[in-house]
Structures are given as C-alpha cells and as structure tokens.
Amino acid sequence: MKRPFWIALFAAIAFVAIVLMRMPAAWVLPVRGPQWSCASIEGSLWSGGCAGLTVSGTGLGDLTWDLHPSRLLLGRAAAQLTVGHGPADG
C-alpha cells in the first residue's frame, strides 16, 4: 500500500484514541439506572465522579472513580472507587 494510506490510517487511529481518552463520562453513563441514580456526572470516562449517588433509595454520597487504562492492555481491569461525603466513606 502507498504511504498516504498508512498516514491516514495512523491519523484515524490516533483520533479515535484521543476521543476515547477525553470522552466525558456524561456522554456514556446514564444519570439513572434501574436501582441507582446520580444528581450529576462529571469528569471523563477514565477519571470522574457521580455527585449524589443513590442506590435503592438510600443516599450514599459522592462516588469518584479512577480507571487505569494501561492495565487493560495487559488484560487486567484496575480501578479505584471512592465513596464519600455521605453516611459512609469507603
């Protein structure tokens, strides 16, 4: 194949990777689920938070997450979840 094809392919892959890395969590995650809801979702898909998390009618506080995408390349999921500013911290 010719060189312009490879440059265009690399540019398309880089564009998709950048969009996935910078994608706001509010675009992907719903504010309400069957058993849970959030007052607002902020941050990116990889590092963000859910203010006012409620599960089964019980307010838990604010949830923050920090996903480690580099671990996904190794076939392992790694994340840090924190619940705070509510009746329980964890």
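No lab work stands behind these numbers, since they all come straight from the coordinates. None of the values given here were measured: they were computed from a predicted structure. Neighbour counts run over all protein chains shown; Cβ positions are idealised from the backbone, glycine included.
If I stretch the segment between Trp46 and Ala26 completely, what's the gain in nm (0.36 nm per residue apart, minus their alpha carbon distance), one decimal?
6.0 nm
Once label points are set 7 Å from the Cα along Cα→Cβ at both Asp66 and His85, what is their separation, rounded to one decimal in nm?
Reported label-point gap for Asp66 and His85 is 1.7 nm.
Using a Gaussian network for the chain with springs between C-alpha atoms less than 10 Å apart, which of these wobbles most: Pro24, Pro34, Pro69?
With Cα springs under 10 Å in the chain, the top fluctuation among Pro24, Pro34, Pro69 is at Pro34.
Taking the 0 to 90 degree range and rounding to the nearest ten, how far is the long axis of helix 3-22 tilted relative to the main principal axis of the chain, both from C-alpha atoms?
Roughly 10 degrees between the two axes.
Fully extended, how many nm does the chain gain between Ser37 and Val19 (0.36 nm per residue separation, minus their Cα-Cα distance)?
The Ser37-Val19 span can extend by a further 3.9 nm.
Please check: in the Gaussian network model of the chain (C-alpha springs, under 10 Å), which one of Gly52, Gly75, Gly33 has the largest mean-square fluctuation.
Gly75
Please give me, ordered by residue number, the trypsin sites (Lys or Arg not before Pro) of the range 20-90 that lie in loop per DSSP and have at most 14 other Cβ atoms within 10 Å.
Taking the range 20-90 and a limit of 14 other Cβ atoms within 10 Å, the loop trypsin sites (Lys or Arg not before Pro) found are Arg76.
Considering all projection directions equally, how large on average is the shadow of the alpha-carbon convex hull of the chain, in square nanometres?
It is 7.7 nm².
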